[in-house]
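The values are calculated or read from the model by the stated rules, or taken from the named source; none is laboratory data. As the structure is a prediction and not an experimental result, all values here were calculated from the model. Ideal geometry is used to build each Cβ from the backbone, glycine not excepted, and the neighbour counts take in all protein chains shown.
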Amino acid sequence: MVKKLTATPEMDPEIWSKLPPEILEQILSCLPLKKFFSLLSTCKQFKSLLFSPTFISKHTSTSPFSSFILLSYPQFQSHFSLYDTNLNHWRNRVLSLSLPLLSSDSPSASSLLSSSNGLFCFSLPNSSCLLISNFVAKTTRHVKFPTHPFDFELLTLISTPRGYKIFALCSGFSSNSAFVYDSKTQCWGEFNVFQPILSNNHNQEGVHNNGFLYFTTPEPFSIVGFDLSNGNWKQLELIFPSDLTFVRLVSGEDKIYVIGGIGRNGISRSMKLWELRGEEMVEVVTLPELMCRKFLSVCYHNYEHVYGFWHQGMICVCCHTWPEILYYKVSRRTWHWLPKCPSLPDKWSCGFRWFSFVPELYTSV
């Protein structure tokens, strides 16, 4: 005997519309993140649940995301290649700006300037604004410049548990100033600038540590710190090696590391890594000779193209003219090369910009 299938009864709106909000939170928090994101446009209530205590507690205990090194390259235009540092390979899919991140602005003409804890800062073409974006939560904010035109020598995005700040160092015909934007007040502050860093290369971002943003100065080399809370500057009393040819800073795990070239007449023969302890530099390691030869050869002794950043226990050393990254694994005390991105064209030129991308769902813009 075959039973006749009956249609599933419709859900009575009178009953389900009275479902307690806390029960709905519990149900939706069990959905995979990918599925939940597809529901965000359904109604405002679903979108608000993204920041509910239940959803946050479930999805912040263990991060559901990988961490990446992101490559920005002029020929890629509106998308970015991602190297998965958990799986140690390049992702087949790229991060595209076709997502609703830049509203009506042209993504191909936008420039990625800085990143911090899942947030990215873009400059926008023909605009008096910066754009702050969280790729994961698909949220954006336009931050209007404090002056017009807003010509900055260097810019650094600093994300903290209480929001984020933007540091911009500007030079103009009439005055030189440091500007700081605070997302809590949504206002810019203007401060005096430490003059020697104005002649530093604009590719070098500041490194954040314990409320200060630190920079290096050109020769005679020194390290200066900017207090983000009150705008005061301080210069560290450090003794650098006499044969130092260039110096860069990297900050991670509450430590500041110094990367420097050693040589004569402005030409490096070796590279060393130091840890900054108070106002003393403690040598950590010397770059192996063969790796050093390769890295210094691709720089062509143009050390202004060299920069560094921290990513998940790795000290990354890069060059704007070369499509590979040299990195030091701190826990293992070993040096490695990150392989060239397979999607790069056969004929590539300079303009490589690398960023740490650690997706954070709740890093607010």
Selection count where residues are at pLDDT below 90 and under 17 Å from the mean Cα position of the chain (by Cα), scope the range 141-161: 3
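Residues checked against (1) β-branched (Val, Ile, Thr); (2) surrounded by fewer than 18 Cβ atoms within 10 Å (Cβ to Cβ); (3) within 22 Å of the chain's Cα centre (by Cα); (4) assigned by TED's automatic domain parsing to the domain that holds Tyr327:
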position: Val250; (1), (2), (3), (4): yes, no, yes, yes
position: Ile259; (1), (2), (3), (4): yes, no, yes, yes
position: Glu275; (1), (2), (3), (4): no, yes, yes, yes
position: Val282; (1), (2), (3), (4): yes, yes, no, yes
position: Thr286; (1), (2), (3), (4): yes, yes, no, yes
position: Cys292; (1), (2), (3), (4): no, no, no, yes
position: Phe295; (1), (2), (3), (4): no, no, no, yes
Here the residues within the range 137-168 that are part of a strand (DSSP E or B) and either of a type in the set (Ser, Thr, Tyr) or more than 16 Å from Phe122 (Cα to Cα) (or both) are Thr139, Thr140, Thr156, Ser159, Thr160, Gly163, Tyr164
Name the residues in the range 342-365 that are of a type in the set (Lys, Arg) and assigned to a strand (DSSP E or B), would you? Arg353
List the residue pairs whose Cβ atoms are under 7 Å apart, where the first residue sits in the range 139-164 and is within 21 Å of Tyr307 (Cα to Cα), the second is of a type in the set (Ser, Thr, Tyr) and part of a loop (DSSP other than H, G, I, E, B), and the two are 6 or more positions apart or on different chains. Ser159/Thr363
Yes/no for Glu360 being in contact (Cβ under 8 Å) with a residue 24 or more places away in the chain, closer than 30 Å to Thr185 by Cα and not aromatic (Phe, Trp, Tyr): yes
Is there a residue in the range 248-255 that is among the β-branched types (Val, Ile, Thr) and free of Cβ contacts under 8 Å to residues at least 60 places away in the same chain? no
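Can you tell me which residues in the range 103-119 are more than 20 Å from Ser67 (Cβ to Cβ) and either part of a loop (DSSP other than H, G, I, E, B) or at pLDDT below 50 (or both)?
Selection gives Ser103, Ser104, Asp105, Ser106, Pro107, Ser108, Ser110.
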Of everything in the range 300-322 that's touching a residue at least 60 places away in the same chain (Cβ under 8 Å) and part of a loop (DSSP other than H, G, I, E, B), which residue is nearest to Gly261 (Cα to Cα)? His320
Scan the range 315-343 residue by residue and report those that are closer than 25 Å to His301 by Cα, out of contact with any strand residue (DSSP E or B) (no Cβ under 6 Å at 6 or more places or on another chain) and surrounded by 16 or more Cβ atoms within 10 Å (Cβ to Cβ). His320, Thr321, Trp322, Pro323
Unmet requirement for Phe135, which otherwise passes all of (1) over 28 Å from Ser67 (Cα atoms); (2) surrounded by 14 or more Cβ atoms within 10 Å (Cβ to Cβ): (1)
